[in-house]
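Enquirer: Have a look at the structure that comes next, please.
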Amino acid sequence: MNDPHTIEAPLLARFDALGIEIVMHRHPPLHTVEESRALRGSMPGSHIKNLFLRDKKRNQWLVTVPEDATVDLKVLRRVIGASGNLSFGSADLLAASLGVQPGSVTPFAVMNDREGIVTMVLARAVLDADPVNAHPLHNEATAAIGRDDLLRFLAACGHAPLMIDL
C-alpha cells in the first residue's frame, strides 16, 4: 500500500483550497465498524459506514449511513431508484470509480470521480451530529469535518448528495 500521507495529500489540498478545516486522528488500519468503535474512545460526532453499490444497469452509488444503521438493500433500491437488485461493487470497480481500496471507502472519495459516474447518497441522520468522521481516502486515520463543510465539499466535487431517510 502507498504511504497514507501521499494518498491523503490531494484531499488535504482540496480541503485547503475550499477553506475547510478538519481534525485528523491517526490510528492503526481499521477495516470494520467494530474495530473503529474499539479504538476511537470518546471521539465526538457522527460515525459512519459506507457502501459502494451497483445495479444491473451498472449504475453506481456511494451510500453513507450512520455506523449502526441497518440497510435493507431491497428498500434502498426503491429509495434511490436502482434498476433491479443492488449488489456490492467489486474492489476493481471501486478503485476505478472512486480511487480507494475496500476498507477505505469514504464520502471524500467522490473527489476522484471526475466523470460523475457514482451517485453520492447520504442518510440525513449522518448530519445529526457534528462533526462527521470519515477516512481520508485510506484507513489509517479519521478526518473529522464539520457537517456543513462535508456538504460543501461534496457539492464542490460535483456530487451534491441524494439525501435519504432510512
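The values are calculated or read from the model by the stated rules, or taken from the named source; none is laboratory data. Since we're looking at a predicted model, the values are computed, not measured. Reconstructed Cβ throughout: ideal geometry from the backbone, glycine too, with neighbour counts over all protein chains shown.
Enquirer: Can you find a residue that is within 20 Å of A69 (Cα to Cα), at pLDDT below 95 and either among the charged types (D, E, K, R) or surrounded by fewer than 19 Cβ atoms within 10 Å (Cβ to Cβ) (or both) anywhere in segment 130-152?
Expert: No.
Enquirer: Going by what's in this entry, would L53 be described as out of contact with any Gly (no Cβ under 7 Å at 6 or more places or on another chain) and either of a type outside the set (D, E) or closer than 13 Å to A134 by Cα (or both)?
Expert: It is false that L53 is out of contact with any Gly (no Cβ under 7 Å at 6 or more places or on another chain) and either of a type outside the set (D, E) or closer than 13 Å to A134 by Cα (or both).
Enquirer: Suppose we keep only residues that are crowded, with 16+ Cβ neighbours inside 10 Å and touching a strand residue (DSSP E or B) at 6+ places or on another chain (Cβ under 6 Å) within segment 112-126. Which one would you say is nearest to L93 (Cα to Cα)?
Expert: In this case the residue turns out to be V118.
Enquirer: Just to check your reading of the model, which residue among L30, L11 is in contact (Cβ under 8 Å) with a residue 60 or more places away in the chain and part of a loop (DSSP other than H, G, I, E, B)?
Expert: L30
Enquirer: Among the residues of segment 54-63, is any assigned to a loop (DSSP other than H, G, I, E, B), in contact with a helix residue (DSSP H, G or I) (Cβ under 7 Å, 6 or more places away or on another chain) and exposed (fewer than 14 other Cβ atoms within 10 Å of the Cβ)?
Expert: no
Enquirer: For segment 98-116, check the following and say yes or no: at least one residue is more than 25 Å from A144 (Cα to Cα) and either among the polar types (S, T, N, Q) or over 18 Å from the mean Cα position of the chain (by Cα) (or both).
Expert: No: segment 98-116 contains no residue that is more than 25 Å from A144 (Cα to Cα) and either among the polar types (S, T, N, Q) or over 18 Å from the mean Cα position of the chain (by Cα) (or both).
Enquirer: Collect the residues in segment 80-107 that are assigned to a helix (DSSP H, G or I), farther than 11 Å from N50 by Cα and out of contact with any Asp or Glu (no Cβ under 8 Å at 6 or more places or on another chain), keeping them in residue-number order.
Expert: Passing the criteria: I80, A91, D92, L93, L94, A95, A96.
Enquirer: Related question: Which of (1) surrounded by 11 or more Cβ atoms within 10 Å (Cβ to Cβ); (2) over 14 Å from N133 (Cβ atoms); (3) without any contact (Cβ under 8 Å) to a residue 24 or more places away in the chain does A109 not meet, given it meets every other one?
Expert: Going through the list (1) surrounded by 11 or more Cβ atoms within 10 Å (Cβ to Cβ); (2) over 14 Å from N133 (Cβ atoms); (3) without any contact (Cβ under 8 Å) to a residue 24 or more places away in the chain, A109 breaks only (3).
Enquirer: Working carefully through the options R77, R37, find the one that is within 27 Å of D148 (Cβ to Cβ) and surrounded by fewer than 21 Cβ atoms within 10 Å (Cβ to Cβ).
Expert: R37
Enquirer: Give me a count of the residues in segment 44-53 that are in a loop (DSSP other than H, G, I, E, B) and surrounded by 15 or more Cβ atoms within 10 Å (Cβ to Cβ).
Expert: So the count comes out to 1.
Enquirer: Can you go through G89, G99 and tell me which one is at negative phi, among the small types (G, A, S) and either in contact with a helix residue (DSSP H, G or I) (Cβ under 6 Å, 6 or more places away or on another chain) or surrounded by 20 or more Cβ atoms within 10 Å (Cβ to Cβ) (or both)?
Expert: After ruling out the rest, the residue left standing is G89.
Enquirer: Another one. Looking at (1) without any contact (Cβ under 8 Å) to a residue 40 or more places away in the chain; (2) in contact with a Ser or Thr (Cβ under 8 Å, 6 or more places away or on another chain), which is the only condition G81 fails?
Expert: Of (1) without any contact (Cβ under 8 Å) to a residue 40 or more places away in the chain; (2) in contact with a Ser or Thr (Cβ under 8 Å, 6 or more places away or on another chain), only one is false for G81: (2).
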